[in-house]
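Structure first, commentary second.
The values are calculated or read from the model by the stated rules, or taken from the named source; none is laboratory data. All values reported here derive from a predicted model rather than from experimental measurement. Glycine gets a Cβ as well: all are built from the backbone with ideal geometry, and neighbour counts include every protein chain shown.
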Number of protein chains: 2
Amino acid sequence: MSDSVKYLLGEQDIPKSWYNINADLPVPLPPVLHPGTLQPIGPADLAPIFPMAVIMQEVSVEREIEIPEPVRAVYRQWRPSPLYRARRLEQALGTPARIYYKYEGVSPAGSHKPNTAIPQAFYNKEEGVKRIATETGAGQWGSSLALAGAFFGLEIDVFMVKVSFQQKPYRRAFMETFGARCIASPSDTTEAGRAILAQNPNSTGSLGIAISEAVEMAARRDDTKYALGSVLNHVLLHQTVIGLEAQKQMEMAGDYPDMVIGCTGGGSNFAGIAFPFLGERLREGRNTEFVAVEPSACPTLTKGLFAYDFGDTAHLTPLVKMYTLGSGFVPPGFHAGGLRYHGMAPQISHLAALGYIKPRSYHQTECFAAGVQFARAEGIIPAPEANHAVKATIDEALKCKEEGVSKALLFNLCGHGHFDMQAYSDYVAGKLVDQAYDESEVAMALAGLPSVG
Amino acid sequence: MSDSVKYLLGEQDIPKSWYNINADLPVPLPPVLHPGTLQPIGPADLAPIFPMAVIMQEVSVEREIEIPEPVRAVYRQWRPSPLYRARRLEQALGTPARIYYKYEGVSPAGSHKPNTAIPQAFYNKEEGVKRIATETGAGQWGSSLALAGAFFGLEIDVFMVKVSFQQKPYRRAFMETFGARCIASPSDTTEAGRAILAQNPNSTGSLGIAISEAVEMAARRDDTKYALGSVLNHVLLHQTVIGLEAQKQMEMAGDYPDMVIGCTGGGSNFAGIAFPFLGERLREGRNTEFVAVEPSACPTLTKGLFAYDFGDTAHLTPLVKMYTLGSGFVPPGFHAGGLRYHGMAPQISHLAALGYIKPRSYHQTECFAAGVQFARAEGIIPAPEANHAVKATIDEALKCKEEGVSKALLFNLCGHGHFDMQAYSDYVAGKLVDQAYDESEVAMALAGLPSVG
């Protein structure tokens, strides 16, 4: 048995700044548009729902943005996270590839989400906000913001997609243990929720609906702001601690990735691992490849349109240019709930449209098979979302074996699967099925895209 | 907000030897007796169920026992585990106490159990064993041995107490993901199981019954051995990596514990954190206090007898002198399943009888209240077992506040509660109740103790 190798940094190696890829984009991002006027918006338009520090990060083109010391102090609880060389997996596959993974499941919420929940809570607290409203799908984000709320003394209201609220009572218990309020969405506490319920009392909800409810609550109350766990520039920015640490750890390993792999739902964990390396490619002309892996049942990057769309169902959010399946699209209820979003981060969409990021998609059963193989070799049960990255990595490693080449593959193991064991139970029992998305529903949702410019 | 401080060691600080407290006992342990003859047994008597390397550790009086390099190599995946100064909890309590905790939830199985599962699997593999049979209650131990089996290429059969098998399908899924077989106990695969089922077809099982089944399977098959996750000397020995690391980390902190606190079921996590410090007390005459915390519903140390008893229900195991509630006693079904054992490790029992370890007990609701308070301050949701240690620590910290003294309190946070969220859900909903043990059942079980000597 060969053994996994761990590359561990000291606390002094926690980055002092986040990396902002906007500084290195070969073409600037398309502007964000006002949902009413369809004209470019400025910081003031976002002030009702976000604290100003976050808004300024959203529009910044500075390459380095300082991480406040109180945020680094909380990061220190679990950061720097380990980077592993997966030697046991390499051996099991018989591959000449060098497989590395960064493990974000060491955070107290079990995923990468606290990397942005902590600074978002910090900035809100600094600006006197009392309460944050947000949405959550699988629960990783809601759990992380609940944790951050407990640390900074903020009330947290989480609108949880109803089907997940019902299927994942332990995620709800997690949030409530930290003192957060967890509301099944669509709910009767918002106009957006009541409108959906009036139309369909049995609605199981979607991220798009839950976002509408949370944004509405934030806009309506003076003491309340909104927080998003993915998609937006500032969220992706906060996640770059992952890749910045991984750069140092790859240096410790005396290696550099030929390919960086991450799963993509809204895009934050992928951006976290990839952007610091992608920035090096943009600045220094390296050949590193970047692979974004998404579920075949919600194929935003591989089958969506690159167009202006809303982030939510009720069309309360600004419009951004992104790969989208249409804000009216409700993906099937597969287990990787964190990847069930109709859109994709504008920065990732932009870089994919420019050819720097290569998307691919897999069905859930093959992803779980990869996850089980990974667990038996490396000891960690990945979150269903992360299994997509595992599957792509194993495929690439087997391709290396076929071709007799040794590539360095780096993927982000963005979280553990402790709250998703029902899915593994179904997989082990042979009950897991692949779900197809409804092509006509996507066509209809895309036909409904707003016509801009 | 003050911030938690993490004391992190490097890989070179993973201990090279385990610490064997048998070398420092002021009075030697009473002998282990054969279940048939009631005479002291020798290593050969244990050979049908344990590998010889483990048996020799069980009877060793050497102070330091070398950790094999392949075991250290696996430990490196998550060890050294962090030690934290719980400043946010101190602040929330307003206590002058210095609270430290060692966090074993960073292991891939989420608890301290892999510390012994890995070496036990290693020694079995070395001696040509193909399969290991074991029991599990809450599932922490079974999960850890499943993990170790996957790493070392051993088949693992886990007899899981039936009530837990039904209540904790995710623990079962965890074990099956690693390729282990998980059997509800009592089962019809063993004579011991069939005998219980004949008597009571609806038996919900107990650890004592599950041990009988696993021991019987190991004794019956030539290619199969048995492994225990607590109680025995060699298991406690393997867990001393916890305390040995904690000694170095307390040195980093420039502090030394006035009190070491751990929860006790079979005793392994308590011994892991406490024995290295207790050894220093025995050798150097320090004043450190040692507090073993158990559930009021299974009060082995606080209400049991110090007497010879069997480890299992079917009386297949040797007899050891220990605090016991009687091997016929079935504790109520409270949530801290890892503490539901009728006996206590002979080494801990012996040291408690000699006055070196002070036991105390708490009800589960007050323990969960402490766990929630801890989670909100420190970000980690403790396993229900660990909540007992948290409760005692908070009580001691509040006592320090009352008395205006600053003590250094060190406790072992032996695992996280990710697989126990139903309990937190019940607690948050106000549905958790305290259960009393049946005093007449204990009296009857104690009356049935074998008469020895």
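Listed residues A:I156, A:I132, A:I99, A:I118; which is of a type in the set (V, I, T), within 14 Å of chain B (Cβ to nearest Cβ) and outside any helix (DSSP H, G or I)?
None of the others qualify; the one that does is A:I156.
Would you confirm whether any residue within region A:173-194 is surrounded by 21 or more Cβ atoms within 10 Å (Cβ to Cβ) and under 18 Å from the mean Cα position of the chain (by Cα)?
No, the conditions are met nowhere in region A:173-194.
Check whether at least one residue in region B:162-171 is more than 10 Å from every other protein chain (Cβ to nearest Cβ) and within 19 Å of the chain's Cα centre (by Cα), and report yes or no.
Step one: list which residues in region B:162-171 are more than 10 Å from every other protein chain (Cβ to nearest Cβ), which gives B:162-167.
Okay, now just the ones that are also within 19 Å of the chain's Cα centre (by Cα), so B:164.
Yes; the residues of region B:162-171 include at least one that is more than 10 Å from every other protein chain (Cβ to nearest Cβ) and within 19 Å of the chain's Cα centre (by Cα).
Filter region A:251-276 for residues that are surrounded by 22 or more Cβ atoms within 10 Å (Cβ to Cβ) and either of a type in the set (V, I, T) or under 15 Å from A:L409 (Cα atoms) (or both) and give the result.
Initially, region A:251-276 is screened for residues surrounded by 22 or more Cβ atoms within 10 Å (Cβ to Cβ), giving A:257, A:260-276.
The answer is A:P257, A:V260, A:I261, A:G262, A:C263, A:T264, A:F270, A:I273, A:A274.
Mind listing whichever residues of region B:254-268 are in a loop (DSSP other than H, G, I, E, B) and of a type in the set (S, T, Y)? Before the answer, list the steps.
Filtering region B:254-268 for residues in a loop (DSSP other than H, G, I, E, B) gives B:254-258, B:264-267.
Selection gives B:Y256, B:T264.
Could you tell me how many of the residues in region A:413-434 are buried (at least 18 other Cβ atoms within 10 Å of the Cβ) and more than 14 Å from chain B (Cβ to nearest Cβ)?
Residues flagged as buried (at least 18 other Cβ atoms within 10 Å of the Cβ) and more than 14 Å from chain B (Cβ to nearest Cβ) within region A:413-434 amount to 1.
Hey, among B:A192, B:A198, B:A173, B:A184, which residue is more than 14 Å from B:I156 (Cβ to Cβ), in contact with a Lys or Arg (Cβ under 8 Å, 6 or more places away or on another chain) and not hydroxyl-bearing (S, T, Y)?
That would be B:A184, the only listed residue that is more than 14 Å from B:I156 (Cβ to Cβ), in contact with a Lys or Arg (Cβ under 8 Å, 6 or more places away or on another chain) and not hydroxyl-bearing (S, T, Y).
Across region A:219-253, what is the number of residues that are at pLDDT 95 or above and not in a loop (DSSP other than H, G, I, E, B)?
22
Are any of the residues in region A:30-52 within 14 Å of chain B (Cβ to nearest Cβ), modelled with pLDDT of 95 or more, in a loop (DSSP other than H, G, I, E, B) and more than 27 Å from B:Q12 (Cα to Cα)? Steps first, please.
We begin by selecting, within region A:30-52, every residue within 14 Å of chain B (Cβ to nearest Cβ); these are none.
No, because not a single residue in region A:30-52 is within 14 Å of chain B (Cβ to nearest Cβ), modelled with pLDDT of 95 or more, in a loop (DSSP other than H, G, I, E, B) and more than 27 Å from B:Q12 (Cα to Cα).
Consider A:P201 carefully, then state whether it is within 14 Å of chain B (Cβ to nearest Cβ) and more than 29 Å from A:P80 (Cα to Cα).
no
Quick check, is A:E66 in contact (Cβ under 8 Å) with a residue 40 or more places away in the chain, more than 14 Å from every other protein chain (Cβ to nearest Cβ) and in contact with a helix residue (DSSP H, G or I) (Cβ under 8 Å, 6 or more places away or on another chain)?
no
Could you tell me whether A:H335 is touching an Asp or Glu at 6+ places or on another chain (Cβ under 8 Å) and not charged (D, E, K, R)?
Answer is yes for this residue.
Inspect region A:53-68 for any residue being small (G, A, S) and crowded, with 21+ Cβ neighbours inside 10 Å and give the result as yes or no.
No; the residues of region A:53-68 include none that is small (G, A, S) and crowded, with 21+ Cβ neighbours inside 10 Å.
Tell me which residues, restricted to region B:373-412, are outside any helix (DSSP H, G or I), buried (at least 18 other Cβ atoms within 10 Å of the Cβ) and more than 14 Å from chain A (Cβ to nearest Cβ).
Residues satisfying the conditions are B:K407, B:A408, B:L409, B:L410, B:F411, B:N412.
Give region B:379-437 a look and list any residue that's of a type in the set (S, T, Y), more than 24 Å from A:G153 (Cα to Cα) and more than 22 Å from the chain's Cα centre (by Cα), or say none.
If the condition is that a residue be of a type in the set (S, T, Y), more than 24 Å from A:G153 (Cα to Cα) and more than 22 Å from the chain's Cα centre (by Cα), then B:S406 is the only one that fits.
Report whether or not B:K102 is touching a helix residue (DSSP H, G or I) at 6+ places or on another chain (Cβ under 6 Å), surrounded by fewer than 24 Cβ atoms within 10 Å (Cβ to Cβ) and within 23 Å of B:S17 (Cα to Cα).
No, not satisfied.
How many residues are surrounded by 24 or more Cβ atoms within 10 Å (Cβ to Cβ) and of a type in the set (G, A, S) if we restrict to region B:327-367?
8
This table checks each residue for (1) touching a Gly at 6+ places or on another chain (Cβ under 6 Å); (2) surrounded by 24 or more Cβ atoms within 10 Å (Cβ to Cβ); (3) under 29 Å from A:F275 (Cβ atoms).
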{"position": "A:E126", "(1), (2), (3)": "no, no, yes"}
{"position": "A:K130", "(1), (2), (3)": "no, no, no"}
{"position": "A:L147", "(1), (2), (3)": "yes, yes, yes"}
{"position": "A:S203", "(1), (2), (3)": "no, no, no"}
{"position": "A:E213", "(1), (2), (3)": "yes, yes, no"}
{"position": "A:E216", "(1), (2), (3)": "no, no, no"}
{"position": "A:H238", "(1), (2), (3)": "no, yes, yes"}
{"position": "A:V241", "(1), (2), (3)": "no, yes, yes"}
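Return yes when A:G153 is among the small types (G, A, S) and surrounded by fewer than 24 Cβ atoms within 10 Å (Cβ to Cβ) and no when it is not.
yes
For region B:2-21, which residues satisfy the criterion of being surrounded by fewer than 18 Cβ atoms within 10 Å (Cβ to Cβ) and more than 14 Å from chain A (Cβ to nearest Cβ)?
B:K16, B:S17
Under the condition of being in contact (Cβ under 8 Å) with a residue 60 or more places away in the chain and outside any loop (DSSP other than H, G, I, E, B), which residue from region A:413-425 is nearest to A:Q247 (Cα to Cα)?
Per the criteria, the residue is A:L413.
Please count how many residues of region B:392-412 are polar (S, T, N, Q) and in contact with a Leu (Cβ under 7 Å, 6 or more places away or on another chain).
Here is the first cut: in region B:392-412, the residues polar (S, T, N, Q) are B:393, B:406, B:412.
So of that shortlist, the ones also in contact with a Leu (Cβ under 7 Å, 6 or more places away or on another chain) come out as B:393.
Count: 1.
Taking region A:296-316, which residues are surrounded by fewer than 24 Cβ atoms within 10 Å (Cβ to Cβ), more than 21 Å from A:P384 (Cα to Cα) and of a type in the set (G, A, S)?
Result: A:A307, A:A314.
Would you tally the residues in region A:6-25 being closer than 15 Å to A:P346 by Cβ and in a loop (DSSP other than H, G, I, E, B)? I'd like the intermediate steps shown before the answer.
Looking only at region A:6-25, we keep the residues that are closer than 15 Å to A:P346 by Cβ, and these are A:20-22, A:25.
After this cut, where a residue has to be in a loop (DSSP other than H, G, I, E, B) as well, the list is A:20, A:25.
Residues meeting the conditions: 2.
Do we have B:I183 as within 14 Å of chain A (Cβ to nearest Cβ) and in a strand (DSSP E or B) here?
So B:I183 does not fit the description; no.
Select from region B:164-176 the residues that are in a helix (DSSP H, G or I) and in contact with a Gly (Cβ under 6 Å, 6 or more places away or on another chain) and write down the one among them that is nearest to A:F368 (Cα to Cα).
First pass over region B:164-176, keeping only residues in a helix (DSSP H, G or I): B:164-167, B:169-176.
In the following step, the residues that additionally are in contact with a Gly (Cβ under 6 Å, 6 or more places away or on another chain) were identified as B:164, B:171, B:175.
Values: B:S164: 25, B:R171: 17, B:M175: 15 Å.
The extreme case among them is B:M175.
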